[in-house]
1. Quick one: how many residues across the stretch 171-207 are among the small types (Gly, Ala, Ser) and within 17 Å of residue 145 (Cα to Cα)?
2. With respect to residue 95, is the statement that it is modelled with pLDDT of 50 or more and within 15 Å of residue 113 (Cβ to Cβ) true?
3. So, in the stretch 402-411, how many residues would count as being surrounded by fewer than 21 Cβ atoms within 10 Å (Cβ to Cβ) and either under 35 Å from the mean Cα position of the chain (by Cα) or modelled with pLDDT of 85 or more (or both)?
4. Looking at 160, 131, can you tell me which residue is over 26 Å from residue 199 (Cα atoms), polar (S, T, N, Q) and open to solvent by 50 Å² or more (accessible area, probe 1.4 Å)?
5. Mind counting the residues in the stretch 91-113 that are open to solvent by less than 60 Å² (accessible area, probe 1.4 Å), out of contact with any strand residue (DSSP E or B) (no Cβ under 8 Å at 6 or more places or on another chain) and not β-branched (Val, Ile, Thr)?
6. How many residues does the stretch 108-140 contain that are outside any helix (DSSP H, G or I), among the hydroxyl-bearing types (Ser, Thr, Tyr) and without any contact (Cβ under 8 Å) to a residue 12 or more places away in the chain?
7. Considering only the stretch 81-106, state which residues are part of a helix (DSSP H, G or I), among the polar types (S, T, N, Q) and touching a residue at least 24 places away in the same chain (Cβ under 8 Å).
Amino acid sequence: SSSSSSVPQEQWVIARSFEEAQMKTRQKYGIENKDFTLIQDPDVLDTWFSSSLFPISAFGWPASENQLNNSNQQVDSSKNQLNLYYPLSLMETGSDILFFWVARMVMTCTYLTGEQPFKQVYLHPMVRDAQGKKMSKSLGNVIDPLHVIEGVSLDTMKSQLNQGNLDPREIQRASALLTHQYPKGIEQCGVDGLRFTLAAYMKQGNQINMDVDRAVSYRHFCNKIWQATRFVLSHLKSDENVNWSPKGTFVFSSEDAVNRLNGLEVKDRWILSRLADTVSRCGHGLSTFDFAAATSALYQFFYYDFCDRYIEFCKPSIRESSESADLTREILWTCLDTFFRLAHPVLPFITEELWQRLPHPMNQHVDSIMISPYPQPESYQPCRNESIEMDVENVATVMRVARAAAQQMAVKLSTVSITVYVDPLSRIHQNIAEHRQLIQQQLKAIQFNVESSDKLPSTASTVTVNSECKMILASSQSASADVAAAQLLQLKVNEKKIAKIDKLIHTLLGRMQSESYKSKTPPHIQQQDAEKLSQMQKERNLLASNSVDSSIQS
């Protein structure tokens, strides 16, 4: 500011020091030092420069710089957070500001402190609409996260278009697009549903084509978790076992727990093996930033392994009051407790709520799931048993095929007698024979019998389970109608399988017959392709012959 009438009251001078600013002012306005007063602007950093200081300025720099350089000084957490938290471990941001911000932070903070601000940088994909277009208000394809979390009506979304400065023609175009994409608005998906969706999308590469319907499906998954947990909790503590509490039996790193694995039923060892695999896959996914792999492991375990199979296996016995029922409760509790801690990073709210409702072992209560130990693969590795997983998969395949066949025949399984014909020397014969009672119990069939494949009637209409196993369903309804329905079912199933194999053969042959295939493809890959082609052709011929047999018999 100046006291001279010939100089405006406020002027800006850019200089590197106070003395330089005085000199420039004298030269520019022809006045002496006594005729003006210099005031330094307190905010002299531009946006990107001040942002580059963020990793240290957030912790009190430069006031704490002396403490940072003095490693012998006692740390006061309330005054010197820089010593406690700097350097950081991970920076997460978008690739579009990699050089604008991230590079500046690394150079500036390293220069000022002598240490890099972080060791790793995770670049998340850019979120676009379901068609892969950049979100724009004028297009009407902007997805507000709060709308996905809380839900919103179509009218509300349209009314928000008028709150900006869009041209009327743009408002009309955006409104039409909203009506087309969200005719009923957006359903409430919750924070967990949206969070799980974005994590599952991480395998798309540099961009996320955000489809709200996928968030809705993961909201349903959260509901599945809630309902399954309610069911399990109702059987962990009931009128008959009101004082039941988990004993922490299956803390797998303990020698006693490992020894007890061999005494469990196959279904129990199977679910613990699947749990161990899930812990390994989820932990690896998170540690390598492959969030899609982690969410896929969590989804498959809870939805298919735990709910669709294990809970169904346990229903007949869990209602009992016995030692085996208590053991089943321990394993159900172990699965839920481990799953909640595994899924907490991507489903923080529902896992915290449900984990708090779980009973906990005596003297092992933790205030929050956030500070409970995260499951480590090495602790669960003793439970991993791929052989048992294969055995249970064979049993599950038999049940799945039987249910599909009964549905196609339009009969209830409770009116059906099932006979499975299988090679007595095969592994699947041993699996089915050992679990015959469980299969019949799950299918609720009149009878479930296992016979040698050489006893298969030559004129019977069969359903193929796999190359070693065939099945006959005999309904208490009309025999002729039963046979005709089974034959029709087999024809339809074979036709679909043949069409799928033909498509795969066509694709493989197209690649093998290309001009550059022999010159550019490694010999071992060519050998693998030839073996794959031969196997598919054999499988197609087998299905075709079965289809011919069924049509002749009908």
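The values are calculated or read from the model by the stated rules, or taken from the named source; none is laboratory data. Quantities reported herein were computed from a predicted structural model and do not represent experimental measurements. Note: ideal-geometry Cβ built from the backbone for every residue, glycine included; neighbour counts use all protein chains shown. Accessible surface areas use protein heavy atoms only, side chains included; no ligands, DNA or RNA. Shrake-Rupley method; radii C 1.70, N 1.55, O 1.52, S 1.80 Å.
1. Initially, the stretch 171-207 is screened for residues among the small types (Gly, Ala, Ser), giving 174-176, 185, 190, 193, 199-200, 205.
From what is left, the residues that are within 17 Å of residue 145 (Cα to Cα) are 185, 190, 193, 199-200.
Counting residues in the stretch 171-207 that are among the small types (Gly, Ala, Ser) and within 17 Å of residue 145 (Cα to Cα) gives 5.
2. For residue 95, the condition - modelled with pLDDT of 50 or more and within 15 Å of residue 113 (Cβ to Cβ) - is not met.
3. Initial filter on the stretch 402-411 (surrounded by fewer than 21 Cβ atoms within 10 Å (Cβ to Cβ)): 403-404, 407-408, 410-411.
Filter once more, keeping what is either under 35 Å from the mean Cα position of the chain (by Cα) or modelled with pLDDT of 85 or more (or both): 403-404, 407-408.
Qualifying residue count for the region: 4.
4. 160
5. As a first pass, look at the stretch 91-113 and keep what is open to solvent by less than 60 Å² (accessible area, probe 1.4 Å): 91, 93-94, 97-98, 101-103, 105-106, 108-110, 112-113.
From the residues that got through so far, the ones that are out of contact with any strand residue (DSSP E or B) (no Cβ under 8 Å at 6 or more places or on another chain) too are 97, 103, 106, 108-110, 112-113.
When the remaining residues are screened for being not β-branched (Val, Ile, Thr), the result is 103, 109, 112.
So the count comes out to 3.
6. Quick first cut of the stretch 108-140, residues outside any helix (DSSP H, G or I) only: 114-140.
If we keep only those that are among the hydroxyl-bearing types (Ser, Thr, Tyr) too, we end up with 122, 136, 138.
Now drop any that are not without any contact (Cβ under 8 Å) to a residue 12 or more places away in the chain, which leaves 136.
Total satisfying the criteria: 1.
7. Passing the criteria: only 95.
Residues are listed down the side, and each one gets a yes or a no for (1) closer than 25 Å to residue 211 by Cα; (2) out of contact with any Phe, Trp or Tyr (no Cβ under 8 Å at 6 or more places or on another chain):
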| residue | (1), (2) |
| --- | --- |
| 95 | yes, yes |
| 100 | no, no |
| 110 | no, yes |
| 124 | yes, yes |
| 150 | yes, yes |
| 155 | yes, yes |
| 165 | no, yes |
| 170 | yes, yes |
